[in-house]
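Asks: This structure is in structure tokens; I'll ask about it shortly.
The values are calculated or read from the model by the stated rules, or taken from the named source; none is laboratory data. These figures come from a predicted structure and were not determined experimentally. Using ideal geometry, Cβ is built from the backbone for each residue, glycine included, and neighbour counts are taken over all protein chains shown.
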Amino acid sequence: MAATLPRYRCLNGHPWSSPFKVFLPPTSTSASTSAASRTFATTTDDLPTSKPRVRATTFADKLNAGPSFSDFVSGNEPPLEPSEAYALKTALVGPKGKQKQITRLPSWLKTPIPDSSSYKKIKNDLRGLNLHTVCEEARCPNISDCWGGSSKSAATATIMLMGDTCTRGCRFCSVKTSKTPPPLDPHEPEHTAEALSRWGLGYVVLTSVDRDDLADGGAHHFAETVRKIKSKAPTILVECLTGDYAGDLEMVKVVATSGLDVYAHNIETVEALTPQVRDRRATFRQSLSVLKAAKAAQPGLITKTSIMLGLGETEDQIWDALRELRAIAVDVVTFGQYMRPTKRHMAVHEYVTPDVFEQWRVRALEMGFLYVASGPLVRSSYRAGEAFIENVLKKRRAGRGETANADLAGDITDGKSVQVGKI
């Protein structure tokens, strides 16, 4: 009985339905139908040989009408005019109906986000020894370049002594302020010397917050740090960027005679703008007296200062400031663009173009300054300037005497001088 059942029926007598029948070709015994079912696996003349043409989009039409890749790499295109290359772009920000126009940051002031292995190593060393840097506290735009060398010895960092809290409140500076900052760390001079000896640098920069709460302004702490560094690494060159010690020139002498190689103190801006830019306890004349006293205490010492542009200063005011600096034999001056750290600080009056910075570099050199670093991203502790000063000091140590403009030209060709506007 079971043998007579059709093969497609189940044992209970119901027809069997395959779950895969939707994928099977229809059953046929004819050869023509079988051949037709094979055409999906072979090539025939009936299949289309090309896709229908799709209408080009508006973006593609615009792109094709523009310059080709060869136009970019040929180098035949004339350079842009300064008025076009340095044109500032604006944008509308905010909710609809309450939008306001802002000026975008110029392209020559944009820098990469720091994320290199050297940057991370230096940061870990600083945190492990409880040290601070002006690079971080003052939000310096060059931190990626200075900390991001191929190795720690190829990188530079400016150590900030006496904590991260200042007793003054300048309108351009983002360092924290307080009337009663924490007490000094007595181990800081030793820790600083230890960190710098680990890195094996040839030139270091030390700076500090203003400590008007201390009787000596922190001058002896500063001097002790220099002596510790020199004891651990006698060949290392030390630059100290100090405050004005409230006009106490005896404290200036303490630091100037501590064994450092470069004494730096920034006038920051021209005399007319000093009351609006700096803390009321800092004056233009007081800063000049600090630089003059440092040179008098150690005649062979290189003195250095820095000026920010873009605060609303005039050309005549800059000329006057440079003449005042030369009158007290300041050796090095740097020019940089003021960049507003937060909305609580004074606004940028103008973004000065690289061409103008180059003009001031040439003018200052013609006035007799030993070295001038000038550019939108130049800061008082800029490593190209440090490299040049390091070269000058080494020549002096070698008994070759002072090198001024003659050696300056040679150092610029060797890449030791600052490249204006380049980071």
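Asks: Just for segment 193-213: of the residues that are without any contact (Cβ under 8 Å) to a residue 60 or more places away in the chain and surrounded by fewer than 19 Cβ atoms within 10 Å (Cβ to Cβ), which one is nearest to SER306 (Cα to Cα)?
Replies: ASP213
Asks: Those residues that are in a loop (DSSP other than H, G, I, E, B) and at positive phi, I need them from segment 197-247; list them, please. Before the answer, list the steps.
Replies: Going through segment 197-247, the residues in a loop (DSSP other than H, G, I, E, B) turn out to be 200-202, 209-218, 233-236, 242-244.
GLY200, GLY217, GLY218 - these are the residues of segment 197-247 that are in a loop (DSSP other than H, G, I, E, B) and at positive phi.
Asks: May I pose another question? Looking only at residues that are among the β-branched types (Val, Ile, Thr) and not in a loop (DSSP other than H, G, I, E, B) in segment 176-192, which one is surrounded by the fewest Cβ atoms within 10 Å (Cβ to Cβ)?
Replies: The first filter runs over segment 176-192 and keeps only residues among the β-branched types (Val, Ile, Thr), leaving 177, 180, 192.
Narrowing the set further to residues that are not in a loop (DSSP other than H, G, I, E, B) leaves 177, 192.
Values: THR177: 16, THR192: 25.
This residue is THR177.
Asks: Let me spell it out: the conditions are (1) part of a loop (DSSP other than H, G, I, E, B); (2) modelled with pLDDT of 95 or more, and THR303 meets all of them except one. Which number is the exception?
Replies: (1)
Asks: Oh, and also: If we keep just the residues of segment 276-300 that are in a helix (DSSP H, G or I) and under 28 Å from the mean Cα position of the chain (by Cα), which is surrounded by the most Cβ atoms within 10 Å (Cβ to Cβ)?
Replies: Out of the qualifying residues, it is LEU291.
Asks: Which of the residues that make up segment 323-345 are of a type in the set (A, V, I, L, M), modelled with pLDDT of 90 or more, closer than 16 Å to GLU313 by Cβ and under 26 Å from the mean Cα position of the chain (by Cα)?
Replies: The answer is VAL333, and nothing else.
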